[in-house]
Amino acid sequence: MPAGYELDERQWSTETVLPDPSTVAAIGMHHNLTSALADLVDNSIDATASHIRIRFVQRGTTILGLQIIDNGRGLTAEGIKQAMTFGARREYGSEDLGHFGLGLKAASLSQATSFEIYSRQKWGPAVGRRMDQTVSQNFSVGVMEPGAANEQLDGVAGVELPSGTLVEWRGLKDVIHTSDQGELTEWRSAKLRSIREHLGITFHRQLRRGSVKIDVDTFDVERNRALPPMQVDPIDPFEDSLQQDGYPRNFVVDLPDGASCTIEAHLFPPRLNSSAFDLYGEPGEARQGIYLYRRGRLLSGGQNWAGLRLPKKELGLGRIKIDLDEANEHYIALNPEKVTPIYSADFTKAMAHAHTPGPSPSHLDSYFSDLQRAHKESKKTKRQEIRLVEPAVGLNPTVLSRLTDLQDFADFDPIDLRFVTLPSTELFRADRIARRVDVNVELVRRIYGSEGRLSNRDGQLLKTFLYFLLESDFKVEQRWNVVREDRHRILNDVLLAAFAEDFIEPNLQEDQAHEKNGGD
């Protein structure tokens, strides 16, 4: 050792080096709304919650925030302090979904400008904390006194919380700003639908075995009531895979350290149309690849083969299931958001040599060959033909040409779609014998804002809609039965109710407002 190499502690003092604020801001940057919510659901499940509710809070046409409510065991004062500390890793149980000690903060501040958390254990005092985007300046958080925190938990509508936790996000970043109630409803419905789908996929194992129930709703603060909750149903990405020809097939992965793990290869039937195959609004083939689970929770849903292959349509009918366990978890790294696993080169190489158990093993290459063969054979299978009844009058040449390009018309007499005078109680009237669909001309004028004479070239969208709604009825040559006639009556009633909602009620409200203002 060179002279003077020893460390002299007397020469050293200490100073505090806080992380750069931009470092904190970067935490959670890979989250979107649904993945951030999944991170908080992890915490709720770790807290043994049996019921979790995701709730939008709105006033009028303004979304005020979003709540995550659970009936888990709750937090103590020390527990909530730890939960609000960046990087504070609690003692994780063998089945816990938490991992980095960043979930609550990273997920919440990625989606909102601030968040509050209120919690209590059974027979214990309630605790409350608040954090916003300025936390990186001095790493201080707001503290609520126990009585006020207790009131917040007691005030949660529709959920009993003898113990549990409420997390509230305020100042949502991904939110609509509108004064139009219809636009708000459309936006909120789309968000709730995507939340239900993502949580249904991510936690399908927990939901299927009934260990937790998750639902979503909206609370209107002006009316002081919540809309009926919608349940999150399990969506198993492997549910509809083939159960034949040796599939699903297990392959053993022999790891460099002498341990091994099992992966499960699935093959799906071609042209499968199911919510378990077509995920996130995409064709199921786009979700080919590796599905990685950790303690029953789905971490990644396809779109890559962990370096074994590039995604391509010839492999679109394949998915491989991998569960993280003690043998393989140190070969696969997770980012803090738990959305992008990184497979080590050692693991990918070991997977490339994976084999079936037993004396005459098959290798993983055989699985990819089976996928390519299934894709090739699927193109030979004749698709069931769609053949529609031809529309003779009523649809414009452009629309009719498109229909002709896409299919061959069935061998039935054509039907006409015409504008005629009908009672106000009918939007349409279908006549099997005359082979025509009459459409109420007065209602069409209201819809399209036309005061003059209508020709059969007008109203193409409405006539095309009615054509597809009623076309199959004209394939029935015998007299229509009562069920079919009842269906027409129901269609008329519901479509007229929708017509009134869109074209009559707004005018009535406008007239009433005009009268209230003195007719000015």
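The values are calculated or read from the model by the stated rules, or taken from the named source; none is laboratory data. It should be emphasised that the depicted structure is a prediction, and the values quoted were computed from it without experimental measurement. With ideal geometry, Cβ positions are generated from the backbone for all residues, glycine too; neighbour counts draw on all protein chains shown.
Miscellaneous remarks
- Test: residue in region 164-177 that is under 23 Å from the mean Cα position of the chain (by Cα), assigned to a loop (DSSP other than H, G, I, E, B) and farther than 15 Å from residue 65 by Cα: no
- Only one entry of 241, 211 meets the criterion of being more than 22 Å from residue 377 (Cα to Cα) and either modelled with pLDDT under 95 or of a type outside the set (Asp, Glu) (or both), and that entry is 211.
- Single match in 205, 249, 295 (criterion: surrounded by 15 or more Cβ atoms within 10 Å (Cβ to Cβ), in contact with a strand residue (DSSP E or B) (Cβ under 7 Å, 6 or more places away or on another chain) and in contact (Cβ under 8 Å) with a residue 12 or more places away in the chain): 249
- Whichever residue in region 324-347 is small (Gly, Ala, Ser) and at pLDDT 90 or above and, among such residues, is farthest from residue 209 (Cα to Cα): 345
- Of all the listed residues (59, 73, 90), the sole one being at pLDDT below 90, surrounded by fewer than 23 Cβ atoms within 10 Å (Cβ to Cβ) and among the basic types (Lys, Arg) is 90.
- Check on residue 223, surrounded by fewer than 18 Cβ atoms within 10 Å (Cβ to Cβ) and either in a helix (DSSP H, G or I) or at pLDDT 95 or above (or both): no
- Selection status of residue 260, within 24 Å of residue 354 (Cα to Cα), surrounded by fewer than 15 Cβ atoms within 10 Å (Cβ to Cβ) and either of a type outside the set (Phe, Trp, Tyr) or outside the structural domain of residue 184 (by TED's automatic domain parsing) (or both): yes
- Test: residue 429 is surrounded by 15 or more Cβ atoms within 10 Å (Cβ to Cβ) and either under 17 Å from residue 490 (Cα atoms) or in contact (Cβ under 8 Å) with a residue 60 or more places away in the chain (or both): yes
- Pick from region 391-425, criterion in contact with a strand residue (DSSP E or B) (Cβ under 6 Å, 6 or more places away or on another chain) and in a loop (DSSP other than H, G, I, E, B), ranking: nearest to residue 459 (Cα to Cα): 394
- Check on residue 289, buried (at least 20 other Cβ atoms within 10 Å of the Cβ) and under 26 Å from the mean Cα position of the chain (by Cα): yes
- Scanning region 117-159 for residues that are charged (D, E, K, R) and in contact (Cβ under 8 Å) with a residue 40 or more places away in the chain gives 120, 122, 129.
- Applying the condition of being in contact (Cβ under 8 Å) with a residue 24 or more places away in the chain and of a type in the set (A, V, I, L, M) to region 432-460 and asking which residue is nearest to residue 487 (Cα to Cα) yields 437.
- Residue selected from region 327-354 under the condition without any contact (Cβ under 8 Å) to a residue 24 or more places away in the chain and outside any helix (DSSP H, G or I), by the criterion farthest from residue 42 (Cα to Cα): 344
- The set of residues in region 131-173 being surrounded by 12 or more Cβ atoms within 10 Å (Cβ to Cβ) and basic (Lys, Arg) consists of 170 alone.
- Test for residue 235: is it within 30 Å of residue 267 (Cβ to Cβ), β-branched (Val, Ile, Thr) and assigned to a loop (DSSP other than H, G, I, E, B): yes
Quick grid of which residues meet (1) at pLDDT below 90; (2) in a loop (DSSP other than H, G, I, E, B); (3) crowded, with 21+ Cβ neighbours inside 10 Å; (4) outside the structural domain of residue 372 (by TED's automatic domain parsing):
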| position | (1), (2), (3), (4) |
| --- | --- |
| 265 | no, no, yes, no |
| 274 | yes, yes, no, no |
| 278 | yes, yes, no, no |
| 307 | no, yes, no, no |
| 322 | no, no, yes, no |
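- The residues on offer are 436, 479, 418, and the sole one that is over 30 Å from residue 248 (Cα atoms), of a type outside the set (Asp, Glu) and modelled with pLDDT under 85 is 479.
Condition check ((1) part of a helix (DSSP H, G or I); (2) at pLDDT 90 or above; (3) more than 20 Å from the chain's Cα centre (by Cα); (4) among the β-branched types (Val, Ile, Thr)) across all residues:
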| position | (1), (2), (3), (4) |
| --- | --- |
| 29 | no, no, no, no |
| 45 | yes, yes, no, yes |
| 49 | no, yes, yes, no |
| 78 | yes, yes, yes, no |
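- Positions within region 158-193 being more than 30 Å from residue 498 (Cα to Cα) and of a type in the set (Gly, Ala, Ser), in sequence order: 158, 163, 164, 171
- Looking across region 140-163, the residues that are within 32 Å of the chain's Cα centre (by Cα), over 19 Å from residue 104 (Cα atoms) and either among the hydrophobic types (A, V, I, L, M, F, W, C) or not assigned by TED's automatic domain parsing to the domain that holds residue 73 (or both) come down to 156, 157, 159, 161.
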